[in-house]
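*Asks:* Take this structure, written in structure tokens, and hold onto it; I'll ask about it next.
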Amino acid sequence: MAQKNKGPVWRRYMWQRNKALQRGIPWLFSFEEWCAIWLESGKWDQRGNLHGQYVMARFGDAGAYERSNVRICLVGENVVENTGRLPVRGFCVPGYQTKKWAEATPRQRARWRKQQAHMTGKTHKKRTIVAMSKAAKGRRMVVRAGRRCWAHPGDEDYPTDG
């Protein structure tokens with residue numbers, strides 16, 4: 001039987017759960033546990049997948065999504081932790097895209113071409129620009145562990161003007 005819609009928080013939980021399962025990562029959270037972690041972090045309003053926003057990350061990007069194996073951190077921190085394990089800087093693994101293209105089916109290649117053609121010369125939609133502006137409101141640049149990143153109102157290292 002289909003689960004009743006429990007609102008936007010439930011949809012965010014289901015989205016993250018389904019993405020993890022699609023990637024073959026075990027999901028061991030109940031809805032209540034997942035909500036508790038985000039509420040304890042105090043970063044619910046700053047969550048997202050853009051630079052300067054917060055994500056639920058697994059330690060070492062390994063194991064299941066479960067209370068003892070996750071933390072709330074900045075997107076940039078998660079990217080740095082995980083790309084540091086690659087043999088070459090960032091995701092620039094030599095031949096990765098070539099191999100991906102060679103192994104793709106003709107249908108996948110056609111879809112990728114269509115996506116690229118669709119994006120050529122396009123700008124963001126108005127609602128996207130408004131969302132990005134809203135996400136940036138109030139944040140200040142700080143240095144954490146020798147790296148520049150964003151601090152949001154309420155963070156312990158948020159600079160005060162005075």
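The values are calculated or read from the model by the stated rules, or taken from the named source; none is laboratory data. Owing to the predicted nature of the structure, the values given are computational and were not obtained by experimental measurement. A quick note on method: Cβ atoms are made from the backbone with ideal geometry, for glycine too, and the neighbour counts reach across all protein chains shown.
*Asks:* Can you tell me how many residues in region 53-72 are surrounded by fewer than 19 Cβ atoms within 10 Å (Cβ to Cβ) and among the hydroxyl-bearing types (Ser, Thr, Tyr)?
*Replies:* Final tally of qualifying residues: 1.
*Asks:* I need a count of the residues in region 140-154 that are in contact (Cβ under 8 Å) with a residue 40 or more places away in the chain and assigned to a strand (DSSP E or B).
*Replies:* 3
*Asks:* Provide a single number: the residues in region 8-51 that are of a type in the set (Gly, Ala, Ser) and under 30 Å from Tyr158 (Cβ atoms).
*Replies:* 4
*Asks:* Turning to a different aspect of this structure: Read through the list (1) modelled with pLDDT of 75 or more; (2) within 23 Å of Lys43 (Cβ to Cβ), then give the number of the only condition that Ile129 fails.
*Replies:* (2)
*Asks:* Count, please, the residues in region 125-140 that happen to be farther than 26 Å from Pro159 by Cβ and exposed (fewer than 10 other Cβ atoms within 10 Å of the Cβ).
*Replies:* Adding up the residues that qualify gives 3.
*Asks:* Also: Are any of the residues in region 140-160 of a type outside the set (Phe, Trp, Tyr) and at pLDDT below 75? Full working, then the answer.
*Replies:* Residues of region 140-160 that are of a type outside the set (Phe, Trp, Tyr), as a first pass: 140-149, 151-157, 159-160.
From the residues that got through so far, the ones that are at pLDDT below 75 too are none.
No: region 140-160 contains no residue that is of a type outside the set (Phe, Trp, Tyr) and at pLDDT below 75.
*Asks:* Tell me yes or no: at least one residue of region 54-63 is over 30 Å from Cys35 (Cα atoms) and either at pLDDT below 80 or of a type in the set (Gly, Ala, Ser) (or both).
*Replies:* We begin by selecting, within region 54-63, every residue over 30 Å from Cys35 (Cα atoms); these are none.
Checked against the condition, which is being over 30 Å from Cys35 (Cα atoms) and either at pLDDT below 80 or of a type in the set (Gly, Ala, Ser) (or both), region 54-63 yields no hits at all.
*Asks:* Now for a separate question. Go through region 122-139 and give me each residue that's free of Cβ contacts under 8 Å to residues at least 60 places away in the same chain and of a type in the set (Gly, Ala, Ser).
*Replies:* Ala131, Ser133, Gly138
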